Amino acid sequence: MTRLWNEPADFADQMIDGFVAANERYVRRVPGGVVRSTTSPAGQVAVVVGGGSGHYPAFGGLVGPGLAHGAAMGNLFASPSTKQIHNVAKAADNGGGVFFSYGNYAGDVLNFDAAQERLRAEGIACETVTVTDDIVSATADEKRKRRGIAGDLTVFRIAAAAAETGADLAEVTRLARLANERTRSFGVAFTGCTLPGAEQPLFTVPEGRMAVGLGIHGEPGIDETDIPTADGLAELLVSRLLDEVPDGVELAGARVVPILNGLGSLKYEEMFVVYRRVAQLITDAGVEIVDPHVGEYCTSFDMAGTSLTLFWLAGAGEDSELAALWDTPVDTPAYRRGSVSPQQPRVAADSTATVAEAVEPGDEASQSVARTVLAAVRTMVDTIDTHVDELGRIDAIAGDGDHGIGMQRGSHAALAAATAAVDAGAGAGTTLAHAADAWSDKAGGTSGALWGVILNAVAGKLGDQGRPDAAAIATGVAAGSRGVTDYGKAEVGDKTLVDALVPFSSALTQAVDGGAGLTDAWRTAADAATRAAAATADLLPRMGRARTHGQNSVGTPDPGAISLALIVTAVGETLAAENSVKESADV
Ligand SMILES: Nc1ncnc2c1ncn2[C@@H]1O[C@H](COP(=O)(O)OP(=O)(O)O)[C@@H](O)[C@H]1O
Ligand SMILES: O=C(COP(=O)(O)O)[C@@H](O)CO
């Protein structure tokens, strides 16, 4: 239960402000997260980590000498936006390139990859290693599909330690990849967690029961049992992890760093009782324990639960480069190891201010269309506000339950941006582009990034001069649909919003090509989207967070497809009411 907040929507931002105020010796605020407030050698590879907030000390608490140079910090349980990641990486760059590392979640991958592409286009070399330590989330031969949990720490630490030695970007990447190969985690939980302002927990675990393999955003586990004794839990965790020793490591004589991680509200004392037995079992298996960790390294807000990570530093007799790097001193707000030499504060220009974008006014006709765009965005807000709980409910069945909240954050930000653009005299294209950027920036997550792509594509066809015809709008929607599949790599049938978007776009194009006016064509297309979204209930998810718990979601439609169908249906009504967009090419 979270008890203290001001406005729930401001919680993540205010948390970062307070975190920075309390840790100025280590970090300074930049738009999108934090970077070190101390100097780093010129040319040193910058290690940039990040993800949703709610996992403290991941990610901002791990910024400082010997560890990350910067952390992109998204909203609670939602990946940071592309813009946030880009800002943080620019501020962290020391001229030696940027190395990104983060847990393998769909929203993070979309947004970090887009930021990486943008940086590369600007001439900044970047590489990425996603952390995939959670052995519950996919089979061993599909390790690249696994989620990242407390194993983040080992990969971040090895990358940062390599950067400290002056290693170049390729070498940092190689070592981080090796660290990820050598890291395995397994977790359990006894309660769900409740985000600020929410009346209900995001998910629950029945009293007296333990969810085995529950993810750090409540992704359903693989089993549920009665809560065992502390020793029983240690036996479960260790046996699962010893069953999956990484390739190339012989158990007897190997050296391992055990990390017993608290997920938020488990007592340290309870963890020490569990660790007592963990240590015995590891030693009994003939494995040498190095530098054990018991504490909180990657939490899940106030969830009661724990995970065990084994980081295999070396096999028997192996002269391990990982072991040498693991000795690197670290000094960050939440994590210290060894002793770091005194650091010089970095004098940096104030980068917290965001520069207001100048708006090039549209012509009179386009300004009138911009008012329709604004009405459509307001409709999106009303639609999401009405359905926010239901969208959260269906997302919780196989996802993390935040689809409604994320869409709400994005659409409200879009409305504020569109309103400001219209007030400044913007044309329709600029108005919708501002709304798109605000949506993706404030929503973060998977759907935030994808709605940014859709709306930006439509904006590109609206332009700021004259009134667009129905064909231009259909072409814009088609470009948005292609953009989403290019970017997110989902296909029809994968149980994502693509299942509603593609039929919507095809039906719109077909109706417009057949001579229908925009309002009628849009209604026909919205009906197709609604039918297609409902039909996703029968599908097994193959993308996104729901992928790992496919069976749970059969019988429930995909939340992203449903929200898309709801939005296009409601926008159709607004278009009919406003009737201010030219109905066809020749009218
Ligand atoms: N690769 C993808 N391509 C298109 N849509 C996707 C993809 N992955 C997930 N989605 C959509 O995103 C929706 C979830 O959005 P959101 O709640 O923002 O996700 P998350 O919290 O997982 O970042 C899913 O219901 C699905 O429609
Ligand atoms: O939830 C997180 C990011 O994943 P999404 O796919 O955007 O939900 C975050 O907490 C972990 O980085």
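Once region 44-58 is narrowed to residues that are part of a strand (DSSP E or B) and more than 16 Å from ligand 1 (Cβ to nearest atom), the residue that is surrounded by the most Cβ atoms within 10 Å (Cβ to Cβ) is 48.
What tally of residues in region 227-244 results from selecting those that are part of a loop (DSSP other than H, G, I, E, B) and either modelled with pLDDT under 95 or among the charged types (D, E, K, R) (or both)?
Residues of region 227-244 that are part of a loop (DSSP other than H, G, I, E, B), as a first pass: 227-229, 243-244.
Add one more test, that the residue is either modelled with pLDDT under 95 or among the charged types (D, E, K, R) (or both), and what stays is 243-244.
Looking only at that region, the number is 2.
Exactly one residue out of 219, 288 is in contact with a His (Cβ under 9 Å, 6 or more places away or on another chain) and acidic (Asp, Glu), and it is 219. Look through region 90-111, keep the residues that are closer than 16 Å to residue 156 by Cβ and within 16 Å of ligand 2 (Cβ to nearest atom), and return whichever of them is modelled with the lowest pLDDT. Looking at the filtered set, the residue picked out is 105. If the condition is being touching a helix residue (DSSP H, G or I) at 6+ places or on another chain (Cβ under 8 Å), within 26 Å of residue 437 (Cβ to Cβ) and modelled with pLDDT of 90 or more, then region 386-402 contributes 387, 388, 391.
Just one of 78, 121, 72, 114 is surrounded by fewer than 24 Cβ atoms within 10 Å (Cβ to Cβ) and within 16 Å of ligand 2 (Cβ to nearest atom); which is it?
On the way: 78 fails: surrounded by fewer than 24 Cβ atoms within 10 Å (Cβ to Cβ); 121 fails: within 16 Å of ligand 2 (Cβ to nearest atom); 72 fails: surrounded by fewer than 24 Cβ atoms within 10 Å (Cβ to Cβ).
Unique residue meeting the criteria: 114.
Name the residues in region 412-451 that are touching a residue at least 40 places away in the same chain (Cβ under 8 Å), among the small types (Gly, Ala, Ser) and within 24 Å of residue 559 (Cα to Cα), would you? Within region 412-451, 414, 435, 440, 443, 444, 445, 447, 448, 449 qualify.
Any idea how many residues of region 248-280 are of a type outside the set (Val, Ile, Thr) and more than 23 Å from residue 181 (Cβ to Cβ)? I'd like the intermediate steps shown before the answer.
Taking region 248-280 and keeping what is of a type outside the set (Val, Ile, Thr), we get 248, 250-255, 258, 260-272, 275-277, 279-280.
Pick out the ones that are also more than 23 Å from residue 181 (Cβ to Cβ) and you get 262-272, 275-277, 279-280.
Going through region 248-280 one residue at a time, the tally reaches 16.
Which helices (runs of 4 or more DSSP H) does region 407-501 wholly contain that include 3 or more residues that are near ligand 1 (Cβ under 10 Å from one of its atoms)?
Details: elements: 428-443, 445-462, 470-488.
Hits in region 407-501: 445-462, 470-488.
Yes or no, residue by residue, for (1) in the same structural domain as residue 201 (by TED's automatic domain parsing); (2) assigned to a helix (DSSP H, G or I):
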{"position": "225", "(1), (2)": "yes, no"}
{"position": "250", "(1), (2)": "yes, no"}
{"position": "257", "(1), (2)": "yes, no"}
{"position": "260", "(1), (2)": "yes, no"}
{"position": "282", "(1), (2)": "yes, yes"}
{"position": "286", "(1), (2)": "yes, no"}
{"position": "301", "(1), (2)": "yes, no"}
{"position": "339", "(1), (2)": "no, no"}
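Just wondering, is there one or more residues in region 149-169 that are of a type in the set (Ser, Thr, Tyr) and within 20 Å of residue 299 (Cα to Cα)?
First, the residues of region 149-169 that are of a type in the set (Ser, Thr, Tyr): 154, 165.
Okay, now just the ones that are also within 20 Å of residue 299 (Cα to Cα), so 154.
Yes, because at least one residue in region 149-169 is of a type in the set (Ser, Thr, Tyr) and within 20 Å of residue 299 (Cα to Cα).
Just to be sure, is residue 211 over 29 Å from residue 87 (Cα atoms), assigned by TED's automatic domain parsing to the domain that holds residue 312, out of contact with any helix residue (DSSP H, G or I) (no Cβ under 7 Å at 6 or more places or on another chain) and within 16 Å of ligand 1 (Cβ to nearest atom)?
Numbers: over 29 Å from residue 87 (Cα atoms): yes; assigned by TED's automatic domain parsing to the domain that holds residue 312: yes; out of contact with any helix residue (DSSP H, G or I) (no Cβ under 7 Å at 6 or more places or on another chain): yes; within 16 Å of ligand 1 (Cβ to nearest atom): no.
Answer is no for this residue.
Restricting region 490-544 to residues that are away from ligand 2 (no atom under 16 Å from the Cβ) and among the basic types (Lys, Arg), which is surrounded by the most Cβ atoms within 10 Å (Cβ to Cβ)? For region 490-544, the residue satisfying everything is 523. When residue 353 is tested against (1) farther than 30 Å from residue 466 by Cα; (2) at pLDDT below 95; (3) among the aliphatic types (A, V, I, L, M); (4) surrounded by 14 or more Cβ atoms within 10 Å (Cβ to Cβ), just one condition goes unmet, and that condition is (4).
Only one of the numbered conditions (1) over 16 Å from residue 148 (Cβ atoms); (2) within 16 Å of ligand 1 (Cβ to nearest atom); (3) touching a Pro at 6+ places or on another chain (Cβ under 6 Å) is not met by residue 74, and that is (1).
Can you tell me which residue is surrounded by the fewest Cβ atoms within 10 Å (Cβ to Cβ) among those in region 1-43 that are in a strand (DSSP E or B) and over 21 Å from the mean Cα position of the chain (by Cα)?
Start the filter on region 1-43 by keeping residues that are in a strand (DSSP E or B), which leaves 27-30, 33-36, 38.
Subsequent filtering for residues that are over 21 Å from the mean Cα position of the chain (by Cα) retains 27-28, 36, 38.
On the way: 27: 26, 28: 21, 36: 26, 38: 19.
So the residue we want is 38.
Residue 104 satisfies every condition listed in (1) within 16 Å of ligand 1 (Cβ to nearest atom); (2) surrounded by fewer than 24 Cβ atoms within 10 Å (Cβ to Cβ); (3) at positive phi; (4) not charged (D, E, K, R) except (3). Taken over region 130-151, residues that are under 24 Å from residue 440 (Cβ atoms) and of a type outside the set (Lys, Arg) amount to 3.
For residue 133, the requirement of being surrounded by 23 or more Cβ atoms within 10 Å (Cβ to Cβ) and under 22 Å from the mean Cα position of the chain (by Cα) is met.
Only residues that are surrounded by fewer than 18 Cβ atoms within 10 Å (Cβ to Cβ), of a type in the set (Val, Ile, Thr) and touching a residue at least 60 places away in the same chain (Cβ under 8 Å) were counted in region 164-211, giving 1.
Given the criteria surrounded by 20 or more Cβ atoms within 10 Å (Cβ to Cβ), more than 27 Å from residue 52 (Cβ to Cβ) and touching a helix residue (DSSP H, G or I) at 6+ places or on another chain (Cβ under 6 Å), does residue 422 qualify? Step through it out loud before you land on a result.
Details: surrounded by 20 or more Cβ atoms within 10 Å (Cβ to Cβ): yes; more than 27 Å from residue 52 (Cβ to Cβ): yes; touching a helix residue (DSSP H, G or I) at 6+ places or on another chain (Cβ under 6 Å): yes.
Yes, satisfied.
The single residue among 585, 535, 507, 526 that is under 24 Å from residue 387 (Cβ atoms) and either at pLDDT below 95 or within 16 Å of ligand 1 (Cβ to nearest atom) (or both) turns out to be 535. A count restricted to region 81-91 and to residues that are closer than 12 Å to residue 115 by Cβ and surrounded by fewer than 24 Cβ atoms within 10 Å (Cβ to Cβ) stands at 3. Each residue in region 54-69 was checked for being away from ligand 2 (no atom under 13 Å from the Cβ) and among the aromatic types (Phe, Trp, Tyr), and 0 of them qualify.
The values are calculated or read from the model by the stated rules, or taken from the named source; none is laboratory data. On a predicted model such as this, the values are computed, not experimentally measured, just so you know. Don't worry about glycine lacking a Cβ; one is built from the backbone with ideal geometry, like all the others, and counts go over all protein chains shown.
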